[in-house]
1. What number of residues within segment 136-161 are in a loop (DSSP other than H, G, I, E, B) and free of Cβ contacts under 8 Å to residues at least 60 places away in the same chain?
2. Among the candidates 191, 131, which residue alone is surrounded by 15 or more Cβ atoms within 10 Å (Cβ to Cβ) and either on the phi < 0 side of the Ramachandran plot or out of contact with any His (no Cβ under 6 Å at 6 or more places or on another chain) (or both)?
3. Six or more apart or on different chains, Cβ under 6 Å: which pairs go from a residue in segment 28-48 that's free of Cβ contacts under 8 Å to residues at least 40 places away in the same chain to one that's surrounded by 22 or more Cβ atoms within 10 Å (Cβ to Cβ) and part of a loop (DSSP other than H, G, I, E, B)? Could you list them?
4. Go through segment 197-214 and give me each residue that's closer than 20 Å to residue 72 by Cβ and in a helix (DSSP H, G or I).
5. Output the number of residues of segment 10-49 satisfying the condition of being modelled with pLDDT under 95, aliphatic (A, V, I, L, M) and more than 17 Å from residue 88 (Cβ to Cβ).
Amino acid sequence: MEQVPTQKAPAVCANGATPTILDPLGDGISSLELVRVSGSDVDVVNAARVSFGKFVTEMDEKEEKLIRYLVKHMHTSPFEHNQLSFRVKTPLFVSRQWMRHRMNSYNEISYRYVKSALEFYVPPHWRYQDNQNRQGSVGSFDDESLKQKYLEGLAHAAKIYEELLEAGIARELARGLLPMCTYTEFIFTCNLHSLIHFLRLRLEPGAQYEIRMFAKGMLKLALPHFPVSLGAWKEFHAPQMEL
């Protein structure tokens, strides 16, 4: 079954530049882009130094040392005075894990309003059920007969979905047939503290592979905007993670 990505105009950053768009799952359909950033490492410093009535306009060695101290000892509130907004295109099962991170803002495409593009995630390899971690997977293997059955199931769901719409069934009911690997799209807005919490959980080896790929992408996109803060977090709290 052919999967055709939908076309859209690229977002534009505040400085007029076209943002980097990543394909975290490498299938030509998934996407991740950082569409807006408010704040920088300077804002982290000023949020901390306001306790002493101080204010700075640029980073220097002293300010970097302060941020490293804050990160190392997990003083979190100074990292909350900023915002990052990501536009995410991911399978439904990833988005449902993602939205368990509740202290953030979300707006998602509605298949009550629009017809699904019927783009599906097909794993590049199968994984075995982990006998130790009941919700996890291990290993990797290929089986073309299983892949064919998977694709046939998707094709059947897509066919019936189309038939229901053609028969006049409301989109909000017809969407009930859509598999959990159907692609969805949403805007995710967080602050740096919340982003770090997300990364801490979703970059762990026990996190599902697909959401780990998005977490890696988020770190890659956010790091240039908060190089001291995220660099210190990587050093102190993520040395064993595959980043």
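The values are calculated or read from the model by the stated rules, or taken from the named source; none is laboratory data. Given the structure is predicted, the values throughout are model-derived calculations rather than measurements. Because the Cβ atoms are built from the backbone with ideal geometry, glycine has one as well, and the counts that use them run over all protein chains shown.
1. 2
2. On the way: 131 fails: surrounded by 15 or more Cβ atoms within 10 Å (Cβ to Cβ).
Of 191, 131, the one residue that is surrounded by 15 or more Cβ atoms within 10 Å (Cβ to Cβ) and either on the phi < 0 side of the Ramachandran plot or out of contact with any His (no Cβ under 6 Å at 6 or more places or on another chain) (or both) is 191.
3. These pairs meet every condition: 43/82.
4. 197, 198, 199, 200, 201
5. The qualifying residues number 3.
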